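Visitor: The structure under discussion is supplied below as structure tokens; questions concerning it will follow.
The values are calculated or read from the model by the stated rules, or taken from the named source; none is laboratory data. The structure displayed is predicted, hence computed values, not measured ones. Here the Cβ is made from the backbone with ideal geometry for all residues, glycine too, and neighbour counts use every protein chain on show. The area values use the complete protein model at the heavy-atom level, side chains included, leaving out ligands, DNA and RNA. Shrake-Rupley method; radii C 1.70, N 1.55, O 1.52, S 1.80 Å.
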Amino acid sequence: MPNSHKMARVLQYLFSLALITSLLAGCSFALPTINPPTSTPESGGQGGLPTPLPQAEITFVARIPSDTPVGQGISLDILDEVTGLALNARHNLMAPVESGVYTAKITLPLGSVLKYRYSRISSPPSIEYTSTGNQVRYRMYSVSGPAQVIDQVSAWTDLRYSGAMGRIQGNVIDSTNNSPIPGLLVEAGGIHTITTSDGSFLLEGLPPGKHTLFVYSMDGRFEPFQQEAIVGIDSTTPAPIFLKPASMIKVTFIVRIPESPLNPLPVRLIGNIYSLGNTFADLNGGLSTVANRAPLLTALPDGNYTISINLPAGMHLQYKYSLGDGFWNAEHTMSGQFRLREIVLPSEDTTIVDMVDSWQAPNSESVSFSVTVPANTPSGDYVSIQFNPFGWTEPIPMWPLGNNKWIYTLYSPLHLLGNIGYRYCRNDACGAADDQATAGFSSKGWPFTSSLIHQDFQDIVDQWAWWQPSGQPTTVVATDVQSKGTGFITGIKLQSDFHPAWLATLGSGFQNIKDLGSNWTFLSPTFRFTRANPPVLEAVPGKDMLWQDVNTAVYMGQTRGLLVGLHAETIIEGDASDWWNSAQRDENWWANWFARYRTFAIHFADLATNSNAAALVLGDTNTLPAYPGGVLPDGSSANLPVNADQLWRDIITEVRQHYHGLLIWQLPSPAGLVNVPGFLDQVDAITFSLGNDLTDTNSPTQAELSNTIGSLLDNVIKPIQDQFGKPVVIEIDYPSADGSAQGCIQTAASCKAYHQLDQPVLWDDAAVTLDLQEQVDLYNATMQALNLRPWINGIISGGFFSPTVLQDKSSSIHGKPASDVVWYWFHEFLK
């Protein structure tokens, strides 16, 4: 905190705290265990007048686990994904009807899509869990008339499921043309998954019995679908589903907002659909919406704001207006409730006229934040503010004043919160591109508390974390560069870690990649293993780029003149060795593993075709144990089936049928060079990711490094090229941390894997030393070695962090001295 106003802020903070304590003694504002005043969903309408929606009574019946403690009530919780699932729930106490069975009757609008779950009234409340040990995000139900819904609660926060399980497996098809539909949300029993390119889905781990199967289009392109499904013990229930496309209509929103001295204001439309900022993910602080993905309204001369959007006819739209996201600075009623508007859209174009009563909630005054940022802030970056009421929430873009000054006024929901922390960051990359004084996920930020008196904080960011460019030129070792020709790949590959907010800054990242002299860029979209027994490989919203995200990203790269490839990677969260050791790995398990990987590979083959991607790359560290003769990370046998080679060849054959572009396979070094699979004779090219132990010394010269890399290329990689006769592309992925050249980023306990330094880093290990020069040396040495070997067909720099420039310890070269090395060599190679 700047010293010039540190004492004033402390006094102001203490005064505000004392005032709030005296006025509201005995009240608790700890979210989310204490629920705030909730909103009653309000229908949108013409002329700003609410239009009542027809209602229907739904009877919910919940069968709870037999080991549930007696004497605790059961609640049916109707959730608000626009505000935040944990932040604006409506709790409905259920009545017991017999042992282990509870019921509640709820009146709901016809045509509405309900998101709900069950909880146990305890201290703290116990939320229902799935049989697989994950908290239920929500169940879904579409209201078409009076009905009864029967649900089975598998487990609670403090009680795990130990019974039998089954699954629902199916395909979702467009009824008009019989084509599969990717990217749909499928739910049953509180378990969620996303359909792949062939329309297939798998809901694994459902308890036996009756479930409501629900299919929902996150972008609204298809009408919702629901039906009952019976799951048997250790059996698969097939579910062929045909969906009807929704008709799109033009919806024009016109809204009048409270008068403000700031004009115009950045008013956003936040809603329960993908195009209105909903990510369908569990993001920071229990939120699901991201401000920078929600559209901005246009100010009109008469003081109103407007926007026109194509939306699906008949959709149950929940929405609100906001100066932030669905929680921060969203509209409130005059009585202080969160306002959540809802409407079932008509079949024809329509105009909705609304009025925002207030941005501000009662019993609190607004708080203004103005900040001056360093002159070395990159010119294309914007400044965000992030709040910490009960954990960091999603950042919100601030409002520019020019001359490195930014402002933001926070109105709500301050009346629900006690002490709040805040901090500044760049390009919504909080946790990575922070103000140095409040950097990292463990930081609590600068404190303040709500007050009946307006507060105005004027701050100065003295330095951004991981951004202190020296201004000194980077030394590139001069040599006679051999021109490689226009077909030579000079590429940059983005890191595989993903956050939905990063999509908004991807355009500037691609421009930087283009400016470096790259002719290619590679995205790294992922699926992750969410179960080990049986294995389940799927996309998880908020962590993995979904179908529509990848299409958008590919288009953004192509519009900047880049060839865009997709390197589809699998993720094992946590310790991969533990995951593999816990897997059963018998014949049936491996049959499931190959079936899951086949679906994964075909999904990205179809996505590469759909997006017109120039290449598809398969293979990663987590696939190595599945190669013929494969071993686990600990060196033990993977116990593969004898026909493993043929299973891989069958997958590649099918991939070829779905994608006719360049098919590349990656072999990560060093493990991938030990057991080279024979099926590589079926691909078009091979990439080798270099990550070897290149030296035993702590300060090797560039010449020593170049000789070692040259030896690796000549003695290990060249024989593989000779064996298969395939073009070879080298990927380098060296962190800017001490120990990169030795293959070990040393911590107090052990070596840290390179990818663990990728942003966002959950904690900065002080035992790992930043070393920008070591990364420069490694890049210089690698380029020199490649220069002398005409049989190499390309070079890729991996681990690129696209949201903004950082001089951190990761492998990203974005903004680092190593990028100067890349710029020099890329341009020279393509002369």
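Visitor: Which residue out of D606, D575, D544 is among the acidic types (D, E), in contact (Cβ under 8 Å) with a residue 24 or more places away in the chain and under 30 Å from I813 (Cα atoms)? Give the derivation first.
Guide: Working: D606 fails: under 30 Å from I813 (Cα atoms); D575 fails: in contact (Cβ under 8 Å) with a residue 24 or more places away in the chain.
Testing whether each residue is among the acidic types (D, E), in contact (Cβ under 8 Å) with a residue 24 or more places away in the chain and under 30 Å from I813 (Cα atoms) leaves just D544.
Visitor: For region 801-831, how many residues are farther than 15 Å from T475 by Cβ and either out of contact with any Lys or Arg (no Cβ under 6 Å at 6 or more places or on another chain) or open to solvent by less than 20 Å² (accessible area, probe 1.4 Å) (or both)? I'd like the intermediate steps shown before the answer.
Guide: Initially, region 801-831 is screened for residues farther than 15 Å from T475 by Cβ, giving 801-815, 826-831.
Remaining after also requiring either out of contact with any Lys or Arg (no Cβ under 6 Å at 6 or more places or on another chain) or open to solvent by less than 20 Å² (accessible area, probe 1.4 Å) (or both): 801-806, 808-815, 826-831.
Number satisfying all stated conditions: 20.
Visitor: Can we say C430 is part of a strand (DSSP E or B), buried (at least 23 other Cβ atoms within 10 Å of the Cβ), of a type in the set (A, V, I, L, M, F, W, C) and under 21 Å from the mean Cα position of the chain (by Cα)?
Guide: No.
Visitor: So L690 ticks every box in (1) without any contact (Cβ under 8 Å) to a residue 60 or more places away in the chain; (2) closer than 30 Å to A781 by Cα but one. Which box is left unticked?
Guide: Only one criterion in (1) without any contact (Cβ under 8 Å) to a residue 60 or more places away in the chain; (2) closer than 30 Å to A781 by Cα is unmet by L690, namely (1).
Listed here are the residues, each with its yes/no results for (1) in a helix (DSSP H, G or I); (2) at pLDDT 95 or above; (3) among the β-branched types (V, I, T); (4) within 17 Å of the chain's Cα centre (by Cα).
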| position | (1), (2), (3), (4) |
| --- | --- |
| A504 | yes, no, no, yes |
| N512 | yes, yes, no, no |
| T521 | no, yes, yes, no |
| F527 | no, yes, no, yes |
| R531 | no, yes, no, no |
| L537 | no, yes, no, yes |
| G542 | no, yes, no, yes |
| M545 | no, yes, no, yes |
| D549 | yes, yes, no, yes |
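Visitor: Among the residues of region 247-266, which ones are open to solvent by less than 20 Å² (accessible area, probe 1.4 Å) and within 22 Å of V113 (Cβ to Cβ)?
Guide: Result: I249, V251, F253.
Visitor: Looking only at region 500-527, count every residue that is more than 20 Å from I796 (Cα to Cα) and open to solvent by 20 Å² or more (accessible area, probe 1.4 Å) and tell me the total. Spell out the reasoning first.
Guide: Taking region 500-527 as the starting set, the residues that turn out to be more than 20 Å from I796 (Cα to Cα) are 500-505, 527.
If we keep only those that are open to solvent by 20 Å² or more (accessible area, probe 1.4 Å) as well, we get 502-504.
Residues in region 500-527 being more than 20 Å from I796 (Cα to Cα) and open to solvent by 20 Å² or more (accessible area, probe 1.4 Å): 3 in total.
Visitor: Here is a list of conditions, (1) among the polar types (S, T, N, Q); (2) modelled with pLDDT under 95; (3) within 27 Å of the chain's Cα centre (by Cα), and Q169 meets all of them except one; can you say which number that is?
Guide: (2)
Visitor: Can you tell me which residues in region 290-314 are of a type in the set (V, I, T) and open to solvent by less than 20 Å² (accessible area, probe 1.4 Å)? Step through it out loud before you land on a result.
Guide: First pass over region 290-314, keeping only residues of a type in the set (V, I, T): 290, 298, 306-307, 309.
Residue satisfying the conditions is V290 alone.
Visitor: While we're looking at this one, here's another question. Restricting to region 338-369, count the residues that are hydroxyl-bearing (S, T, Y) and at positive phi.
Guide: In the first step, residues of region 338-369 are kept if they are hydroxyl-bearing (S, T, Y); the result is 347, 350-351, 358, 364, 366, 368.
From what is left, the residues that are at positive phi are none.
Selection size over region 338-369: 0.
Visitor: From the set of residues in region 699-718 that are of a type in the set (S, T, Y) and either in contact with a Ser or Thr (Cβ under 6 Å, 6 or more places away or on another chain) or surrounded by fewer than 17 Cβ atoms within 10 Å (Cβ to Cβ) (or both), which is nearest to T479 (Cα to Cα)?
Guide: Step one: filter region 699-718 for residues of a type in the set (S, T, Y), giving 699, 701, 706, 708, 711.
Filter again for either in contact with a Ser or Thr (Cβ under 6 Å, 6 or more places away or on another chain) or surrounded by fewer than 17 Cβ atoms within 10 Å (Cβ to Cβ) (or both), leaving 699, 701, 711.
Working: S699: 22, T701: 16, S711: 19 Å.
Ranking the candidates gives T701 first.
Visitor: How do the pairs read when you match residues in region 413-438 that are within 25 Å of D758 (Cβ to Cβ) with residues anywhere that are open to solvent by 10 Å² or more (accessible area, probe 1.4 Å) and in a helix (DSSP H, G or I), using Cβ under 6 Å and keeping only pairs 6 or more apart or on different chains?
Guide: Within 6 Å, the pairs are D428/N292.
Visitor: Could you count how many residues in region 135-154 are more than 26 Å from the chain's Cα centre (by Cα), buried (at least 17 other Cβ atoms within 10 Å of the Cβ) and not hydrophobic (A, V, I, L, M, F, W, C)?
Guide: The number of residues fulfilling the criteria is 4.
Visitor: A follow-up question, please. Considering region 267-276 alone, what residues qualify as being crowded, with 18+ Cβ neighbours inside 10 Å and either of a type in the set (K, R) or in contact with a Pro (Cβ under 8 Å, 6 or more places away or on another chain) (or both)? First the steps, then the outcome.
Guide: Initial filter on region 267-276 (crowded, with 18+ Cβ neighbours inside 10 Å): 267-274, 276.
R268, L269, L276, listed by residue number.
Visitor: Filter region 76-107 for residues that are in a loop (DSSP other than H, G, I, E, B) and hydroxyl-bearing (S, T, Y) and give the result.
Guide: Our first condition is that a residue be in a loop (DSSP other than H, G, I, E, B); within region 76-107, this holds for 79-89, 94, 99-100.
Answer for region 76-107, where residues must be in a loop (DSSP other than H, G, I, E, B) and hydroxyl-bearing (S, T, Y): T83, S99.
Visitor: Out of (1) within 24 Å of P264 (Cβ to Cβ); (2) open to solvent by 20 Å² or more (accessible area, probe 1.4 Å); (3) over 26 Å from the mean Cα position of the chain (by Cα), what's the single condition that is false for P346?
Guide: It is condition (1) that P346 fails.
Visitor: Follow-up question, since we're still on this one. With the requirement that a residue be assigned to a helix (DSSP H, G or I) and open to solvent by 50 Å² or more (accessible area, probe 1.4 Å), what does region 719-734 give you? Before the answer, list the steps.
Guide: Filtering region 719-734 down to residues assigned to a helix (DSSP H, G or I) leaves 719-724.
Once the filter is applied, which keeps residues that are assigned to a helix (DSSP H, G or I) and open to solvent by 50 Å² or more (accessible area, probe 1.4 Å), region 719-734 yields P719, D722, Q723.
Visitor: So if I check each of T176, T132, T157, which one is open to solvent by 40 Å² or more (accessible area, probe 1.4 Å), within 28 Å of I602 (Cα to Cα) and at pLDDT below 95? Outline the logic, then answer.
Guide: Values: T176 fails: at pLDDT below 95; T157 fails: within 28 Å of I602 (Cα to Cα).
Unique residue meeting the criteria: T132.
Visitor: For region 784-791, state whether one or more residues are part of a loop (DSSP other than H, G, I, E, B), open to solvent by 10 Å² or more (accessible area, probe 1.4 Å), in contact with a Phe, Trp or Tyr (Cβ under 7 Å, 6 or more places away or on another chain) and among the hydrophobic types (A, V, I, L, M, F, W, C). Full working, then the answer.
Guide: Kept after step one, since they are part of a loop (DSSP other than H, G, I, E, B), are these residues of region 784-791: 788-791.
Retained after the next criterion (residues that are open to solvent by 10 Å² or more (accessible area, probe 1.4 Å)): 788-791.
Add one more test, that the residue is in contact with a Phe, Trp or Tyr (Cβ under 7 Å, 6 or more places away or on another chain), and what stays is none.
Taking every residue of region 784-791 in turn, none turns out to be part of a loop (DSSP other than H, G, I, E, B), open to solvent by 10 Å² or more (accessible area, probe 1.4 Å), in contact with a Phe, Trp or Tyr (Cβ under 7 Å, 6 or more places away or on another chain) and among the hydrophobic types (A, V, I, L, M, F, W, C).
Visitor: Test R137 against the stated conditions and say whether it is within 17 Å of Y216 (Cβ to Cβ), of a type in the set (K, R) and touching a His at 6+ places or on another chain (Cβ under 8 Å). Walk me through it before giving the result.
Guide: Values: within 17 Å of Y216 (Cβ to Cβ): yes; of a type in the set (K, R): yes; touching a His at 6+ places or on another chain (Cβ under 8 Å): yes.
Yes; evaluated as a whole, the condition is true for this residue.
Visitor: Under 20 Å from I194 (Cα atoms) and open to solvent by 40 Å² or more (accessible area, probe 1.4 Å): which single residue out of T559, T552, T570 fits that description? First the steps, then the outcome.
Guide: On the way: T559 fails: under 20 Å from I194 (Cα atoms); T570 fails: open to solvent by 40 Å² or more (accessible area, probe 1.4 Å).
After applying the criteria, what remains is T552.
Visitor: While we're looking at this one, here's another question. If you go through region 62-96 one residue at a time, how many are of a type in the set (A, V, I, L, M, F, W, C), open to solvent by 20 Å² or more (accessible area, probe 1.4 Å) and either touching an Asp or Glu at 6+ places or on another chain (Cβ under 8 Å) or at pLDDT 95 or above (or both)?
Guide: 3
Visitor: For region 547-589, what are the residues that are touching a Pro at 6+ places or on another chain (Cβ under 7 Å) and under 25 Å from F522 (Cα atoms)?
Guide: Result: W547, V550, L566, A568, A576.
Visitor: Return only the number of the condition from (1) open to solvent by less than 20 Å² (accessible area, probe 1.4 Å); (2) among the small types (G, A, S); (3) within 19 Å of T252 (Cα to Cα) that G336 does not satisfy.
Guide: Every listed condition holds for G336 apart from (3).
Visitor: Shifting gears a bit: For residues that are in contact with a strand residue (DSSP E or B) (Cβ under 6 Å, 6 or more places away or on another chain) and open to solvent by 10 Å² or more (accessible area, probe 1.4 Å), tally how many sit in region 317-333.
Guide: The number of residues fulfilling the criteria is 1.
Residue by residue, here is whether (1) among the aliphatic types (A, V, I, L, M); (2) in a strand (DSSP E or B) holds:
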| position | (1), (2) |
| --- | --- |
| L203 | yes, yes |
| T212 | no, yes |
| V215 | yes, yes |
| A229 | yes, yes |
| L262 | yes, no |
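Visitor: Right, another one. Name the single residue that is surrounded by the most Cβ atoms within 10 Å (Cβ to Cβ) among those in region 759-783 being part of a loop (DSSP other than H, G, I, E, B), in contact (Cβ under 8 Å) with a residue 24 or more places away in the chain and out of contact with any Pro (no Cβ under 9 Å at 6 or more places or on another chain). I'd like the intermediate steps shown before the answer.
Guide: First, pick out the residues of region 759-783 that are part of a loop (DSSP other than H, G, I, E, B): 759-769, 771.
Now narrow it down to the ones that are in contact (Cβ under 8 Å) with a residue 24 or more places away in the chain: 759-764, 768-769, 771.
Keeping just the survivors that are out of contact with any Pro (no Cβ under 9 Å at 6 or more places or on another chain) gives 760-764, 769.
Values: P760: 16, V761: 19, L762: 9, W763: 8, D764: 17, T769: 13.
Looking at the filtered set, the residue picked out is V761.
Visitor: Any residue that is more than 28 Å from the chain's Cα centre (by Cα), part of a helix (DSSP H, G or I) and at pLDDT below 95 - is there at least one of those in region 684-702? Give the derivation first.
Guide: At the first step, the residues of region 684-702 found to be more than 28 Å from the chain's Cα centre (by Cα) are 684-686, 692-702.
Subsequent filtering for residues that are part of a helix (DSSP H, G or I) retains 702.
In the following step, the residues that additionally are at pLDDT below 95 were identified as 702.
Yes - at least one qualifying residue is present in region 684-702.
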